[in-house]
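J.: I am attaching a structure below and will ask some questions about it afterwards.
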Amino acid sequence: MADFSFKLRSNLSQKIFLGSGLALVFCAPLWAENRTAYNLELIQKGQYLATAADCMACHTSPNSRPFSGGVTIVSPMGNIISTNITPDADTGIGHYSEADFSRALRQGIRKDGSHLYPAMPYTAYAKLSDGDIHALYRYFMQGVAPVFHKNNKTRLTFPFNVRALMMGWNILFLSDKPSKIDFDHLQGLDKGRYLADTLEHCGTCHSPRNIFMAEKKKAYLGGSPLSGWYAPNITASFNSGIGRWREEELFQYLKTGSLPGKARAADGMGEAVTNSLSKLSDSDLHALAAYIKQVPPLENNKTALRPRDQYGEEKDSIDIRTGKTEIVGQTPPLNGQALYSNNCASCHGENGGGSPDQHIPSLYNNTTTGAERPDNLVMTILNGVQRKTNGYEVFMPSFGKASMVQSLSDEEIARLANYVTGSFGSGDHHLTAANIKTARQGGEKPFLMRYLYSLMLGGILLVIAFLALFFRIYRKNKEKKAIH
């Protein structure tokens, strides 16, 4: 200790003063250490919550810094560009207070007062507890490196570019009732529900939408189209959903994205497994699986005789190899069988059985080929698959326009998909080139988008008719008063 420059006296007040000062000197490091440990624990909690909320998937574009934004999110209204959510004060959220942060997550309102689109799942995050919001805020402000990165602005067409319209949508469809209990204090099904409905926001993809693009609560997790893909029914229905899956099987699928003989994760679900689900603790994943398994069954197709993972069987190679062998690029166009032999059989086998270890999956007993809808098969052919989980990488090349292997036309993909489902899955879906063109464009437009301008015109005419009727009644009343 440094020598004091003043002479100590026996005065009681001086002793008290000195004792207090020494106490502060010696205790300050201990207080700072405890404070730092508490803050570190809070940041780690926030990091885990951010992982469970899958923030990385939408806010980190390929080859960029974490959470710097710039991801193009395809929506029926147009492309939405994700924002920089690092603590950079100029291009990120460094100027957000905790109240601003909470308002954005729970109400979809930015610091400047403008509204977010529900592509950011604030309708799910609205249920976050105060404690979890606090932990997330600490993580993003102190645990994430600030990145100066300007992203392109979202530019939707009229009327969706009028963000103020979201006020009315929020009044109708946003329930801002946060949980009173933090995630780490929940147990069992309560923890599973919090994961499914709030953090992982499963319903954002797996619940169908009404005409205003809000989730249908009565069809919870019943399956929904999603940018050309189809997020399947994951209720307890035996034939339409995953009712025949054991809880341990669902746990394995969530953990790895792979369940041989049943399903493989691709696109959005593949991202969720890679960035979020595979990084959760086993106990939390078991809680999530247990909760999903008890969701009431919802039947999409009451005539279905079996689950989508129980269609098809190994095909005799001799049957496939019969007939004339054709060459890619010749005229007339190749049939589905030839397209399969030339582009798929080298990996999946002529009999559709995949590799012996199922690293390359079989095409029979596969939810993608056995589904009632062929959306996911078509999009897999167009976009391929790339998923990396715990150092284990899964890759299938795409056959779309950007393919580095073989770019197939709309007609060729239609023939190939029909052959695959007809030979190994739920039957020939009679897809046409027009169906594939629609898939390339992000799938069929929802009702609101197909008839938007007709509805707007009808609304304008209705207002004009109402005003005309009002003025007519007004004039008649005025004339009656003039007569009397």
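J.: So Glu271 clears everything in (1) crowded, with 20+ Cβ neighbours inside 10 Å; (2) more than 21 Å from Phe183 (Cβ to Cβ); (3) touching a residue at least 60 places away in the same chain (Cβ under 8 Å) except one condition, right? Which one?
T.: Status for Glu271: all satisfied but (1).
J.: A further question follows. Taking only pairs six or more apart or across chains, which ones have beta-carbon atoms under 9 Å, a first residue in the stretch 85-110 that is in contact (Cβ under 8 Å) with a residue 60 or more places away in the chain, and a second residue that is surrounded by fewer than 20 Cβ atoms within 10 Å (Cβ to Cβ) and of a type in the set (Asp, Glu)?
T.: Arg106/Asp176; Gln107/Asp176
J.: On to the next question. Can you tell me which condition Val147 does not meet? The list is (1) crowded, with 17+ Cβ neighbours inside 10 Å; (2) part of a helix (DSSP H, G or I); (3) modelled with pLDDT of 95 or more, and all the others hold.
T.: (2)
J.: When you scan the stretch 334-406 for helices (runs of 4 or more DSSP H) that lie fully inside it, which ones turn up with 1 or more residues that are of a type in the set (Val, Ile, Thr) and in contact with a Ser or Thr (Cβ under 7 Å, 6 or more places away or on another chain)? Walk me through it before giving the result.
T.: Details: elements: 336-343, 345-348, 367-370, 375-383.
Fully inside the stretch 334-406 and qualifying: 367-370, 375-383.
J.: Take the stretch 379-396 and flag every residue that is without any contact (Cβ under 8 Å) to a residue 40 or more places away in the chain and closer than 21 Å to Ile436 by Cα. Outline the logic, then answer.
T.: If we filter the stretch 379-396 for residues that are without any contact (Cβ under 8 Å) to a residue 40 or more places away in the chain, which is where we start, we get 381, 384, 391, 393, 395.
Result: Ile381, Gly384.
J.: Still on this structure, I have one more. Out of the residues in the stretch 221-277 that are part of a strand (DSSP E or B) and hydroxyl-bearing (Ser, Thr, Tyr), state the one that is farthest from the chain's Cα centre (by Cα).
T.: Within the stretch 221-277, the first condition is being part of a strand (DSSP E or B), and the residues that meet it are 224-226, 229-231, 258-259, 263-264.
Now narrow it down to the ones that are hydroxyl-bearing (Ser, Thr, Tyr): 224, 230, 258.
Numbers: Ser224: 12, Tyr230: 12, Ser258: 18 Å.
Looking at the filtered set, the residue picked out is Ser258.
J.: Still on this structure, I have one more. Of all residues in the stretch 238-257, which are buried (at least 20 other Cβ atoms within 10 Å of the Cβ) and more than 18 Å from Ala196 (Cα to Cα)?
T.: Asn239, Ser240
J.: Name the residues in the stretch 431-484 that are among the basic types (Lys, Arg) and either closer than 30 Å to Met77 by Cβ or at pLDDT 80 or above (or both), would you? Even if it seems obvious, please write down each step before you answer.
T.: Pass one, the stretch 431-484, residues among the basic types (Lys, Arg): 437, 440, 445, 450, 472, 475-476, 478, 480-481.
Passing the criteria: Lys437, Arg440, Lys445, Arg450.
J.: Among the residues of the stretch 44-59, which ones are within 22 Å of Gly203 (Cα to Cα) and either of a type in the set (Lys, Arg) or outside any loop (DSSP other than H, G, I, E, B) (or both)?
T.: As a first pass, look at the stretch 44-59 and keep what is within 22 Å of Gly203 (Cα to Cα): 48-59.
Scanning the stretch 44-59 gives Tyr48, Leu49, Ala50, Thr51, Ala52, Cys55, Met56, Ala57, Cys58, His59.
J.: If I filter the stretch 366-388 down to residues being small (Gly, Ala, Ser) and surrounded by 22 or more Cβ atoms within 10 Å (Cβ to Cβ), which single residue comes out as farthest from Gly422 (Cα to Cα)? Before you say what the answer is, go through the steps one by one.
T.: The first filter runs over the stretch 366-388 and keeps only residues small (Gly, Ala, Ser), leaving 370-371, 384.
Filter once more, keeping what is surrounded by 22 or more Cβ atoms within 10 Å (Cβ to Cβ): 370-371.
Details: Gly370: 10, Ala371: 12 Å.
Filtering first and then ranking leaves Ala371.
J.: Here is a further query. Can you tell me how many residues within the stretch 77-108 are buried (at least 18 other Cβ atoms within 10 Å of the Cβ) and in a loop (DSSP other than H, G, I, E, B)?
T.: Summing the residues that are buried (at least 18 other Cβ atoms within 10 Å of the Cβ) and in a loop (DSSP other than H, G, I, E, B) in the stretch 77-108 gives 12.
J.: Right, something else. Kindly evaluate Arg193 against the criterion of being touching a residue at least 60 places away in the same chain (Cβ under 8 Å), within 19 Å of the chain's Cα centre (by Cα), surrounded by 15 or more Cβ atoms within 10 Å (Cβ to Cβ) and over 19 Å from Leu105 (Cα atoms). It would help to see each step written out before you state the result.
T.: Working: touching a residue at least 60 places away in the same chain (Cβ under 8 Å): yes; within 19 Å of the chain's Cα centre (by Cα): yes; surrounded by 15 or more Cβ atoms within 10 Å (Cβ to Cβ): yes; over 19 Å from Leu105 (Cα atoms): no.
It is false that Arg193 is touching a residue at least 60 places away in the same chain (Cβ under 8 Å), within 19 Å of the chain's Cα centre (by Cα), surrounded by 15 or more Cβ atoms within 10 Å (Cβ to Cβ) and over 19 Å from Leu105 (Cα atoms).
J.: Of the residues Ala236, Ala196, only one is outside the structural domain of Gly400 (by TED's automatic domain parsing), over 30 Å from Lys437 (Cβ atoms) and in contact with a Gly (Cβ under 6 Å, 6 or more places away or on another chain); which?
T.: Details: Ala196 fails: in contact with a Gly (Cβ under 6 Å, 6 or more places away or on another chain).
None of the other options fit; the residue is Ala236.
J.: Any residue in the stretch 295-311 that is loosely packed, with under 12 Cβ neighbours inside 10 Å and at pLDDT below 50? Break it down stepwise before answering.
T.: Just the residues of the stretch 295-311 that are loosely packed, with under 12 Cβ neighbours inside 10 Å, to begin with: 296, 302-303, 305.
Okay, now just the ones that are also at pLDDT below 50, so none.
No - not one qualifying residue is present in the stretch 295-311.
J.: Restricting to the stretch 143-175, name every residue that is free of Cβ contacts under 8 Å to residues at least 60 places away in the same chain and among the aromatic types (Phe, Trp, Tyr).
T.: Phe158, Trp169, Phe173
The values are calculated or read from the model by the stated rules, or taken from the named source; none is laboratory data. Just so you know, these numbers come straight off a predicted model, no measurement behind them. Neighbour counts run over all protein chains shown; Cβ positions are idealised from the backbone, glycine included.
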